[in-house]
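Notes follow the structure.
The values are calculated or read from the model by the stated rules, or taken from the named source; none is laboratory data. Only a predicted model underlies this, so the values are computations on that prediction, with no experimental measurement involved. Glycine gets a Cβ as well: all are built from the backbone with ideal geometry, and neighbour counts include every protein chain shown.
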């Protein structure tokens, strides 16, 4: 089995376990419609990358064979047991809440191949479903069985992370209206909007299980690979065929979305607003996108994005060097690579 | 000074202290527009009833003279110090977040005499301002300096409360579409939507300060007075002159909103949808409202609402009987009375 296959198998097995845990930890209570709407996007799919990173970090820290221990009663540093799966579910719930609210703000009607929650239900239900998931995530993070001291630190990390995600989304909206955004400003926004949740996912098991020295390195790993993940998303929008991407290739260009690529290109004299003339994703042609990509390649923006992502992945992996040398550690390295090698 | 004057003076003094604390604990960070939008409704006014109840509960429990101790370093049962003001601000922040999102859902354009946040800013900013306040409330509740064990319990109470508020809001929306809602169903909805936050406000100081025996009684007090508060709101909509109310008297009737009064009236054979024929608050006449109120009085719905509120206030006060006999305790009794005596 190649490393890539090993990573995909590891992701797939944990994805299933996380899905089971979501059903357990987020039952359909009353009012039924509210809870169905809250679960709707979680049930529509998703790779469960963040909870998987959390579970792997727990295994790397405890230095146990992958999947040899019960995630619901996972060995902590002091011999106690911690329900790291409850923490993993909490992180995925936060991710889902932000997607539901983001889709309203960005006026995106589709997500994961199905209508967005505000389309499938309505605006009020979508706002409320997000709000419900928000508090459910905090409730779940309090159910890990970790000591009160560690729970408080994990909760604090979760709350700060949520505030930062809001700040990042606010900047993202602000940047769309601003003429000039520098690559550093863009990466700062991505850190807040996307990477801090990866950082929380990677570091919270160290907090809950009492591996205090590992908190900071794992946090840094998450910040790096989270930013790399977003850059890869930006690249895929330009390079992955439409049918594989699940949406029109080049839609970021058509919609005038800031990406690391367009921010770099503008910084290097390209009039990115004129890269494609089509005003809607329905009107754009593949030839037009190809031409835009050629321009972006010429000015070095594609290469800049790729090398930035690679640098972040290398940096992310280097932060793990103090962790025990084991299979879970290897998988965390591999996932970092996978994030920028994936094709969708 | 009459008891009513004493209550109003006590409310006014704490309102100012809470306002100062909100400015301290929720500074205008970057991105500025997001934080300004988050603070906008908090700055537009509000009686600060819930944080005031929290501060008074702390004083009643510690058996100290009102305002004799620093709320930022308040004496706990074990001699430690707790920042009960941080908890009070947390509760008010949650209240503000729910109002911002509710105004979007209910399509209400005005609040506290100023445009709602989604009107003053825009929909995206309003959703995001609410989301930011949500996590800020959790961050603030973690800043009380209470022991980790007590912080965890307070956080858990806050998270559960938020989930219940979402459930209540969901039921409120559902009820508007449903033909028949019983008074008990209505009161159950009000408990979730409104009363649980009063219960959290009243009981969380007992949790944080280590007065474990007082948690349950104070929680029950909050549930009772919170429901009484909502019933009084329902009554005021029918009985307070338009200029004093700040919005058209009878607007709940025009908009077809469920209230304890209309739910009771429907239960007693009144066709509440036909009580007023005007379709907008601009079109309704005072005479039409007077006639509707006369019908509701005739069938006993007004009296039912008044007596239910009175019964809840009496019950609420009775839960406090195990608390020390002091001035703060008296003020908690008086506030319960005030909630159903207030005219706006």
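Just checking, which of A:146, A:159 is closer than 25 Å to residue B:158 by Cα, within 11 Å of chain B (Cβ to nearest Cβ) and touching a residue at least 40 places away in the same chain (Cβ under 8 Å)?
The conditions single out A:146.
Take the conditions closer than 28 Å to residue A:16 by Cβ, touching a residue at least 60 places away in the same chain (Cβ under 8 Å) and surrounded by fewer than 21 Cβ atoms within 10 Å (Cβ to Cβ) and apply them to residue A:176. Does it pass?
no
Check whether at least one residue in region B:46-63 is part of a loop (DSSP other than H, G, I, E, B), at pLDDT 95 or above and away from every other protein chain (no Cβ under 14 Å), and report yes or no.
yes
Among the candidates A:60, A:88, A:10, which residue alone is in contact (Cβ under 8 Å) with a residue 12 or more places away in the chain, over 26 Å from residue A:157 (Cα atoms), touching a helix residue (DSSP H, G or I) at 6+ places or on another chain (Cβ under 6 Å) and surrounded by 15 or more Cβ atoms within 10 Å (Cβ to Cβ)?
Among A:60, A:88, A:10, only A:10 is in contact (Cβ under 8 Å) with a residue 12 or more places away in the chain, over 26 Å from residue A:157 (Cα atoms), touching a helix residue (DSSP H, G or I) at 6+ places or on another chain (Cβ under 6 Å) and surrounded by 15 or more Cβ atoms within 10 Å (Cβ to Cβ).
Among residues belonging to region A:232-287 that are free of Cβ contacts under 8 Å to residues at least 24 places away in the same chain and assigned to a helix (DSSP H, G or I), point out the one that is farthest from residue A:108 (Cα to Cα).
Filtering region A:232-287 for residues that are free of Cβ contacts under 8 Å to residues at least 24 places away in the same chain and assigned to a helix (DSSP H, G or I), the one farthest from residue A:108 (Cα to Cα) comes out as A:287.
Can you name the number of the only condition in (1) surrounded by fewer than 24 Cβ atoms within 10 Å (Cβ to Cβ); (2) touching a helix residue (DSSP H, G or I) at 6+ places or on another chain (Cβ under 6 Å); (3) free of Cβ contacts under 8 Å to residues at least 60 places away in the same chain that residue A:48 fails?
Exception for residue A:48: condition (1).
Could you please find all residues in region B:75-87 being more than 23 Å from residue B:321 (Cα to Cα) and either outside any loop (DSSP other than H, G, I, E, B) or more than 25 Å from the chain's Cα centre (by Cα) (or both)?
B:79, B:80, B:81, B:82, B:85, B:86, B:87
For region B:193-219, name all the residues that are in a helix (DSSP H, G or I), surrounded by fewer than 22 Cβ atoms within 10 Å (Cβ to Cβ) and within 14 Å of another protein chain (Cβ to nearest Cβ).
none
Could you tell me which of the residues B:139, B:167 is facing chain A (nearest Cβ under 8 Å) and within 18 Å of the chain's Cα centre (by Cα)?
Of B:139, B:167, the one residue that is facing chain A (nearest Cβ under 8 Å) and within 18 Å of the chain's Cα centre (by Cα) is B:167.
In region A:114-135, what residues are out of contact with any helix residue (DSSP H, G or I) (no Cβ under 6 Å at 6 or more places or on another chain) and either facing chain B (nearest Cβ under 8 Å) or crowded, with 23+ Cβ neighbours inside 10 Å (or both)?
A:123
Give the residues of region A:220-262 that are over 17 Å from the mean Cα position of the chain (by Cα), surrounded by fewer than 24 Cβ atoms within 10 Å (Cβ to Cβ) and either at pLDDT 95 or above or closer than 30 Å to residue A:320 by Cβ (or both), sorted by residue number.
Hits for region A:220-262 are A:239, A:240.
Take residue B:173 and decide whether it is modelled with pLDDT under 95 and within 10 Å of chain A (Cβ to nearest Cβ).
yes
Applying the selection to region A:122-140, what residues are touching a residue at least 60 places away in the same chain (Cβ under 8 Å) and closer than 21 Å to residue A:84 by Cβ?
Within region A:122-140, A:133, A:136, A:140 meet the criteria.
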